[in-house]
Amino acid sequence: MEPKSLFDKPMNELREAFVRARLAEPATFSHEEIVAWLEDAAQETDNFKRAPYFVNHFDELNGASIAEILHDNATPSAEPPEWLLAGIKRANRDPAWFAGIVRALQNGGAKVYYPWTNTIGVPPVAIIDNDAWILHPCIHASASPNAALSADKAEISDVLGILNGEILEQRPKMDAARAFLKQEARHAILHERKMAEQDFDEAVAVSTDGTRIVRAAEVVVLPDKPWYQAAIYPASAFIETKILRTDHMGRFKLAKETLRSPPRTIAEYVRWSTHSDHFSSAMRIGHGQAFDECRHFDGQPRLVTEARYCPSPLPDGGQTITV
């Protein structure tokens, strides 16, 4: 007997809808058409710096490679700007490690890269002996009179700003900068796409539009009322033929410390859960479906659902428990 269809769209379309929704999340790229956006010659490259996942991806490049990235994809300033040179003259009481940076800047032993050319107060990145430093002017009233500059290890966000400046100011290596950004962006998009596809494939339930999923170690299936029996399944039972996720997923927490006799077996856990006021409320909110957020029994996340959201017939291998 073929399982009943719970979805109006084929699973591959729901999978793609989930991937696109993931790409559009603020924590990733904030753009479901990110691939098309990336290939658009008119796109604003500064978005590379604002998209959290791009920054996270670039951040995986270790600090030692920053010098190589800038050498290959950015144009150093012909000489340090006046405000920086003036500050150097007053930096005579700084620690030895910073004195080395100052000397390198003075004698031309450093390459200085700018997000924006010679803009007063914009922190540049200086490459000295393959180390990357971000230089800050000390312009605050609380700064020491002799501390004209401060230096910190450069981060990848500083590099992204320089590459954006290379492109927007049409410097000599603008084409290389754009190609590098797009190449790394493609890697980031491909990685996030694969992660989203894996999450979908491992989900036990998916919403009717495909944009929301549920991943769980086990699924507890209840009859559509009254709840007199439950069947417990491993997640693998619903990987190929998924459960329909309700629009308003209920969530419940059965705190172990509130129980006089905490459950010792999965059967006791199910009985305690189904007799809990928190559980009943969550099932009402979720229209017959709830997710156990507490995981107190054995640390495993579980989806509890009424049978009407499951493929019919139910898969084999369920453990039946009287509740």
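The values are calculated or read from the model by the stated rules, or taken from the named source; none is laboratory data. Please read these numbers as outputs of a predicted model, since none were measured by experiment. Neighbour counts are summed over all protein chains in view; Cβ atoms, including those assigned to glycine, are modelled from backbone coordinates with ideal geometry.
List of remarks:
- Qualifying positions in the stretch 5-24 - outside any helix (DSSP H, G or I), without any contact (Cβ under 8 Å) to a residue 12 or more places away in the chain and not polar (S, T, N, Q): Pro10
- Test: residue in the stretch 284-304 that is surrounded by fewer than 18 Cβ atoms within 10 Å (Cβ to Cβ), over 35 Å from the mean Cα position of the chain (by Cα) and charged (D, E, K, R): no
- Check on Val206, surrounded by 15 or more Cβ atoms within 10 Å (Cβ to Cβ), of a type in the set (Val, Ile, Thr) and at pLDDT 90 or above: yes
- Residue within the stretch 191-206 that is part of a helix (DSSP H, G or I), under 14 Å from Phe54 (Cβ atoms) and of a type outside the set (D, E, K, R) present: yes
- Test: Arg193 is surrounded by 15 or more Cβ atoms within 10 Å (Cβ to Cβ), basic (Lys, Arg) and modelled with pLDDT of 95 or more: no
- Total residues in the stretch 152-187 satisfying the condition of being in contact with a Ser or Thr (Cβ under 8 Å, 6 or more places away or on another chain) and without any contact (Cβ under 8 Å) to a residue 24 or more places away in the chain: the figure is 0.
- Annotation: of all residues in the stretch 257-270 being within 16 Å of Phe291 (Cα to Cα) and at pLDDT below 80, the one that is surrounded by the fewest Cβ atoms within 10 Å (Cβ to Cβ) is Ile266.
- Entry remark, the stretch 207-222: residues being assigned to a loop (DSSP other than H, G, I, E, B) and closer than 13 Å to Leu14 by Cα number 6 in total.
- Of the criteria (1) part of a loop (DSSP other than H, G, I, E, B); (2) touching a Pro at 6+ places or on another chain (Cβ under 6 Å), which one Ala237 fails: (1)
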